[in-house]
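To start, the structure under review is shown below, and the notes come after it.
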Amino acid sequence: MAPLTPRPRLGTSLLRLFTVQGSWNYEYMLGLGIGVAEEPLLRDLPGGPGGAAYHAALGRGTHFFNAHPYLAGLAVGAAARAEHDGASPEQIERLRTALAGPLGSLGDRLVWAGWLPFAAGLAIAGIALGLGWTAVAGFLVVYNAGHLALRWWALRAGWAHGTRVPTALHHPGLRRAMAFTAPAMALALGLALPLGASYLAAPFAAGGRIALAGGTALGLVLLWWRPMNLTGLRLGLTLIAAALVAGWVWR
């Protein structure tokens with residue numbers, strides 16, 4: 001077994017993970033960005049940056065890979081650690097393939113369907129209650145603190161576990177996070193929707209508010225009735241166009 005670097009360059013790798021989507025393409029997905037983020041952790045392989053082991057490992061790191069960008073560090077750290085532990089190329093490829101699906105699914109549920117709408121809902125409620133830019137700053141602090149902690153944990157857990165990294169996906173912290181984000185998201189959005197609607201409707205007279213409520217209800221019915229032909233984007237653009245026409249006629 002090759003000796004492990006005593007001080008892995010996790011900080012450098014973490015910084016590179018912020019750019020992991022910069023080289024996204026349909027052929028490799030996140031693969032090129034993953035290889036760039038993994039490179040600092042491969043420099044201490046036998047032979048150094050100019051050695052055959054380094055070049056072979058870096059080539060494997062840039063192969064096709066797709067996962068949630070906030071959890072991609074788990075694969076980066078695990079693959080780099082496996083390279084240092086002397087795992088076979090086939091084993092490393094299997095590891096990357098096995099991680100892609102779970103990391104994508106977990107990240108989507110934890111971040112896009114949980115943490116992000118939770119933080120956004122709190123910010124909308126704060127603005128509606130008159131907090132203004134304080135609510136916006138609070139959103140930036142809360143959301144980024146959560147996703148930075150997730151990125152750092154993922155990279156360190158991947159490096160610590162190597163080929164045993166699937167055990168990290170059962171970490172109690174992840175389970176608690178999943179148990180928290182779903183109800184927290186529902187609570188935050190449940191608070192934000194009526195407050196936001198009341199805030200946005202405040203400049204309108206009573207008749208205008210009734211028209212807005214009726215339009216919203218009609219839109220929900222149409223989205224439920226014809227989900228394949230009418231999307232939220234199409235409905236929103238249609239309502240904007242109708243509002244522009246109505247405003248021009250009214251003026």
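Throughout, read-outs are computed from the coordinates displayed, never taken from laboratory work. No experiment lies behind these values; they were computed from the predicted model shown. No Cβ is skipped: glycine too gets one built from the backbone with ideal geometry, and neighbour counts run over all protein chains shown.
The ranking of TRP159, TRP224 by Cβ neighbour count inside 10 Å, starting from the fewest, reads TRP224, TRP159. Each peptide in 101-108, 190-197 receives the mean, over its residues, of other Cβ atoms within 10 Å, and ordering these scores from highest gives 101-108, 190-197.
If you wrap the tightest convex hull around every Cα atom of segment 50-127 and split its volume per residue, you get 102 Å³.
In plain terms, the residue of TYR199, TYR70 with the fewest other Cβ atoms within 10 Å comes first and the most crowded comes last, giving TYR199, TYR70. Distance distribution P(r), the chain, all Cα-Cα pairs, bin width 10 angstrom from 0: 7, 24, 25, 19, 14, 8, 3, 1 percent. What the Cβ-Cβ distance of ARG226 and LEU129 gives, at R0 = 45 Å and to the nearest 0.05, is a FRET efficiency of 0.80.
Whole-percent P(r), segment 204-250, all Cα pairs, 10 Å bins from 0: 25, 50, 23, 3. Taking every DSSP helix (H) stretch of at least 4 residues in the chain, weighting each as -39,500 (n - 2.57) and dividing the sum by the residue count yields a mean residue ellipticity at 222 nm of -22500 deg cm²/dmol.
Take the Cα of MET178, step 7 Å toward its Cβ, do the same at ALA241, and the gap between the two points is 4.3 nm.
Place a point 7 Å from the Cα of ALA197 along the Cα-to-Cβ direction; which residues of segment 224-247 have their backbone N under 17 Å from it? What the label zone holds, given the 17 Å backbone N cut-off, is 224, 236.
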